[in-house]
Amino acid sequence: MIRKLILAVVVAVIVTLVCILLGAILTALSVQVAVTIGHFLEDFSSVLGILAGLWYFFAGPFGRPVL
């Protein structure tokens, strides 16, 4: 149980950081669609990270339950 919780927190942090990095890269582009997606990723990176962590905790990797 503790192992699942620690892995879920690690997944949440990684997803948050990747969303922030990808959002910054997309925001630097001059294409309006990419800038819009980049701002969305930067603004909601923590929400997406928390959702990914919760999904990993309850469903496991790739949707398979972790024993």
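Could you look through the stretch 16-67, keep only residues that are more than 12 Å from the chain's Cα centre (by Cα) and of a type in the set (Phe, Trp, Tyr), and pick out the one that is farthest from Leu5 (Cα to Cα)? The extreme case among them is Phe40. I'd like the residue in the stretch 44-67 that is farther than 13 Å from Val10 by Cα and among the aromatic types (Phe, Trp, Tyr) and, out of all such residues, is modelled with the highest pLDDT. Looking at the filtered set, the residue picked out is Phe44. Looking at Val33, Val15, Val10, just one residue is assigned to a helix (DSSP H, G or I) and either surrounded by 13 or more Cβ atoms within 10 Å (Cβ to Cβ) or touching a strand residue (DSSP E or B) at 6+ places or on another chain (Cβ under 6 Å) (or both), and that residue is Val15.
The values are calculated or read from the model by the stated rules, or taken from the named source; none is laboratory data. Fair warning: this is a prediction, and the values are worked out from it, not measured in the lab. Here the Cβ is made from the backbone with ideal geometry for all residues, glycine too, and neighbour counts use every protein chain on show.
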